[in-house]
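J.: Structure in structure tokens, see below.
The values are calculated or read from the model by the stated rules, or taken from the named source; none is laboratory data. What you see is a predicted model; the values in this text were computed from it and never measured. Cβ sites come from the backbone with ideal geometry, for glycine too, and all protein chains shown count toward neighbours.
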Amino acid sequence: MQHIKNFTLTCKAKRKFQWLSAVALAALTLSTSLAMAQTLDTDLPGQGSPVQALQGSVAEESFQTMLVNSALEKLGYAPQPIKEVAYPTAHVAVANGDATFLAVHWDPLHQDYYANAGGDAKLLRTGQYAGPAAQGYLIDKATAEKYKITNIDQLRDPNLAKLFDQDGDGKADLTGCDPGWGCEAMIEHHLDAYKLRATVQHVQGSYAALIADTIGRYGRGEPVLYYTWTPYWVSGVLVPGKDVVWLQVPFSSNPQKANTRLGDGSDYGFAVNTTRIVVNRAWAEKNPAAAKLFEVMRLPIADINAQNERMRSGENTQADIARHTAGWIKYHQPLFDSWIAQALAAARAGVAVGDIHAAR
């Protein structure tokens, strides 16, 4: 359990992100539109070349992507407005050269998308941008303690499953995953592997709307059953260990046949993921500075959680997110500058992609 607690950092975590106070100081100095309008230095390795970032439908990914764009801009590239597409399509688009990179590739969750788009022949998956990230199933703590529910396979019992029934069909309603995210396929796999089809219904749609309804039901004292992941703001509202508890699974089961058991023996059904940057391989070979940048960038999960919480609180426009990004850079200026320095050094040395330490 301690492993999962470490993953589920919230905006109350240690180092409550003084960088957010730097947002106001940076507000007048950086916005996405102004940054793009600046004259680019053609002496830099980017040479004013356009770069196209993609992201999934989760708005909270914009922060991670904007941070990468800000660093690329420092190298002389010209970031274009971020485009939002489904993850499978994003991988194919990057592989085909219709886009430059995807900053939020979940490894190993998105492994099939990577392989189906051409794998290492067309793509470069590099660095360890953010992580470790956890996923799994949770229920409200009150119900867990009253009925001694600790494992999802207990919901094979119709009487326990009925506790989470919202539409009157007798099945537990599991707030699940949007089609195309990758996690929805894993949930469907689990329903079969753990023999839950007869008693559990995977509720899909807009996750944002579904989880808002789930939180509302929790607030009314009703039992809740849902899937979520970190980093994401949900675990800052429904805090694991305080408001809700993680459910274990009876055994590891996934299409990749990977072991999902943690070091302490607990198993939440999903492999621990690392968010990595996927870039078009041919483009990366011609742009060693950018390839090196993607290798060395690191963004703490706690900082993503904190920014996501700001979005949930209403600061969710593109201008707001650009301001958050500027504030983060200002507060972490030496770190940010070190990324740029390493990327420039790679450009001067002409480091080839084959020399970049990219775990595959």
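J.: Can you give me the number of residues within segment 284-304 that are aliphatic (A, V, I, L, M) and part of a loop (DSSP other than H, G, I, E, B)? Write out each step before concluding.
T.: Kept after step one, since they are aliphatic (A, V, I, L, M), are these residues of segment 284-304: 284, 289-291, 293, 296-297, 299, 301-302, 304.
If we keep only those that are part of a loop (DSSP other than H, G, I, E, B) as well, we get 297, 299.
Going through segment 284-304 one residue at a time, the tally reaches 2.
J.: OK, next. Determine, yes or no, whether ALA130 is outside any loop (DSSP other than H, G, I, E, B) and either closer than 25 Å to ASN254 by Cβ or in the same structural domain as GLU222 (by TED's automatic domain parsing) (or both).
T.: Details: outside any loop (DSSP other than H, G, I, E, B): yes; either closer than 25 Å to ASN254 by Cβ or in the same structural domain as GLU222 (by TED's automatic domain parsing) (or both): yes.
It is true that ALA130 is outside any loop (DSSP other than H, G, I, E, B) and either closer than 25 Å to ASN254 by Cβ or in the same structural domain as GLU222 (by TED's automatic domain parsing) (or both).
J.: Would you be able to tell me the number of residues in segment 214-242 that are farther than 24 Å from ASN159 by Cβ and more than 20 Å from the chain's Cα centre (by Cα)?
T.: Qualifying residue count, segment 214-242: 5.
J.: Could you run through segment 174-202 and say how many residues are surrounded by fewer than 20 Cβ atoms within 10 Å (Cβ to Cβ) and in a strand (DSSP E or B)?
T.: Counting residues in segment 174-202 that are surrounded by fewer than 20 Cβ atoms within 10 Å (Cβ to Cβ) and in a strand (DSSP E or B) gives 1.
J.: Which of the residues belonging to segment 205-214 are touching a strand residue (DSSP E or B) at 6+ places or on another chain (Cβ under 9 Å) and either of a type outside the set (Phe, Trp, Tyr) or surrounded by fewer than 21 Cβ atoms within 10 Å (Cβ to Cβ) (or both)?
T.: Taking segment 205-214 and keeping what is touching a strand residue (DSSP E or B) at 6+ places or on another chain (Cβ under 9 Å), we get 207, 210-211, 213-214.
Scanning segment 205-214 gives LEU210, ILE211, ASP213, THR214.
J.: Residues being in a helix (DSSP H, G or I), within 14 Å of the chain's Cα centre (by Cα) and over 17 Å from ILE340 (Cα atoms): count how many of those fall in segment 46-96.
T.: Number satisfying all stated conditions: 6.
J.: In addition: Considering only segment 174-194, state which residues are touching a helix residue (DSSP H, G or I) at 6+ places or on another chain (Cβ under 6 Å) and either among the β-branched types (Val, Ile, Thr) or at pLDDT 95 or above (or both).
T.: THR175, GLY176, TYR194
J.: Could I ask something else about it? Tell me which of these ASP264 doesn't satisfy, since it passes every other one: (1) within 18 Å of the chain's Cα centre (by Cα); (2) in a loop (DSSP other than H, G, I, E, B).
T.: (1)
J.: Could you please give the count of residues in segment 216-236 that are of a type in the set (Ser, Thr, Tyr), farther than 16 Å from ARG312 by Cα and either in a helix (DSSP H, G or I) or touching a Cys at 6+ places or on another chain (Cβ under 8 Å) (or both)?
T.: Taking segment 216-236 and keeping what is of a type in the set (Ser, Thr, Tyr), we get 218, 226-228, 230, 232, 235.
Within this subset, residues satisfying the condition of being farther than 16 Å from ARG312 by Cα are 218, 226-227.
Then keep just the ones that are either in a helix (DSSP H, G or I) or touching a Cys at 6+ places or on another chain (Cβ under 8 Å) (or both); that gives 218, 227.
Adding up the residues that qualify gives 2.
Residue-wise test of (1) outside any loop (DSSP other than H, G, I, E, B); (2) of a type in the set (Val, Ile, Thr); (3) in the same structural domain as ALA208 (by TED's automatic domain parsing); (4) touching a helix residue (DSSP H, G or I) at 6+ places or on another chain (Cβ under 9 Å).
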| position | (1), (2), (3), (4) |
| --- | --- |
| ALA306 | yes, no, no, yes |
| GLY314 | no, no, no, yes |
| HIS324 | yes, no, no, yes |
| ILE329 | yes, yes, no, yes |
